[in-house]
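The values are calculated or read from the model by the stated rules, or taken from the named source; none is laboratory data. Please read these numbers as outputs of a predicted model, since none were measured by experiment. Cβ placement follows ideal geometry from the backbone for every residue including glycine, while neighbour counts extend to all protein chains displayed. Ligands, DNA and RNA are excluded from the accessible area calculation, which covers all protein heavy atoms including side chains. Shrake-Rupley method; radii C 1.70, N 1.55, O 1.52, S 1.80 Å.
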Amino acid sequence: MLGDDLRLPGAPESLLSDEQLAALPTNAAPAPWRLRARALVWTGRPDGPARAALAEIVPGEISVGATPIATVGALINYLWTPVGRYSEIIGMVVYRRGGSLFTHVPFIAVDSATSVVGGRANWALPKVLATFEGRPADRVPMTAEGPSWRVTATPRASRVPLPMFAPKLVPMVQLTASGSRCSARPVGYGLVRPARVEVRVAGETAAEPSLASWFPAGSRTGVLGAQLSASLGAPVEMTAPS
């Protein structure tokens, strides 16, 4: 039984109620996960209000001594995973601490309850359930929607694919239910096409700040990938940052 091990900090849109926790499956597919997907990814540079929102959302154990230098949005269709096919939206922050970089995911939603459990249990990713329309494809809108938010992204991609390889250089750092920090290093590769992505974010939560206050929206630079492979291994517990 996983119970309170799945209760994680995150953006208001990524918090689960007691009833939602109780309705989740009781087993998690263990790490590592190997994945095949098509994805739309875009970036932004947080302004003052966005940095202020992130300071409220991201736990101090993660952000202490670090500066948020970029935000990343992604809409993904997973074609193969250990828990089957599903769709996902990610809101990620890139931090710089001294001469090193790391990422943190305060918001992530999927349309698979088994993925919610796997993400929370394995990597302390605060996954919640959402609904999705569309797919990552050129000039095709894709929408993710939760009870209090909605994100739609439409890419205009170039025709020339470029090879992409993301080695284990930048760790993803999350905070577990027990308050310890854990780190995992994703690996990804495939073909991507540079794209201009039009992103709309709507909705509010009862608690502020809302997703719209920091998630990268508007006209953004990104990439569209139709044939991507990735893997995410088991996380390691971290010591406190110096």
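The separation of the stretch 18-51 from the stretch 212-236, counted between C-alpha centres, amounts to 10 Å. The apolar share of the surface of the chain, taken as the fraction of accessible area on carbon and sulfur atoms (1.4 Å probe, ligands and nucleic acids excluded), comes to 55 percent.
Note down the net charge around GLY65, summing +1 for each Lys or Arg and -1 for each Asp or Glu among other residues with Cβ under 15 Å from its Cβ. Once all neighbours under 15 Å are counted, the net charge is +3. The radius of gyration of the Cα set in the stretch 92-197, together with its Dmax, comes out at 16.0, 47 angstrom.
Of the residues VAL192, VAL117, VAL140, the one that moves most in a GNM of the chain with alpha-carbon contacts below 10 Å is VAL140.
If you bin all the Cα-Cα distances of the stretch 31-70 at 10 Å, starting from zero, the percentages per bin are 22, 36, 28, 14. Springs between Cα atoms under 10 Å define the GNM used for the chain, and in it the highest mean-square fluctuation of ALA52, ALA202, ALA23 occurs at ALA23.
Helical content alone sets the calculated 222 nm signal of the chain at -3000 deg cm²/dmol, taking -39,500 (n - 2.57) per DSSP H segment of four or more residues and averaging over every residue. Here the stretch 1-145 has an Rg and Dmax of 15.6, 44 Å, counting Cα atoms alone.
For the stretch 153-213, the share of alpha carbon pairs falling in successive 5 Å distance bins from zero is 4, 13, 10, 11, 16, 20, 15, 8, 2, 0 percent. Taking every DSSP beta bridge that has both ends in the stretch 95-242, the antiparallel portion is near 90%.
Set against the labelled values (1) 18.3, 64; (2) 17.5, 54; (3) 16.7, 48, Rg and Dmax of the Cα atoms in Å computed from this structure falls on (3).
Taken per residue, the accessible surface of the chain reaches 47 Å², heavy atoms only and a 1.4 Å probe.
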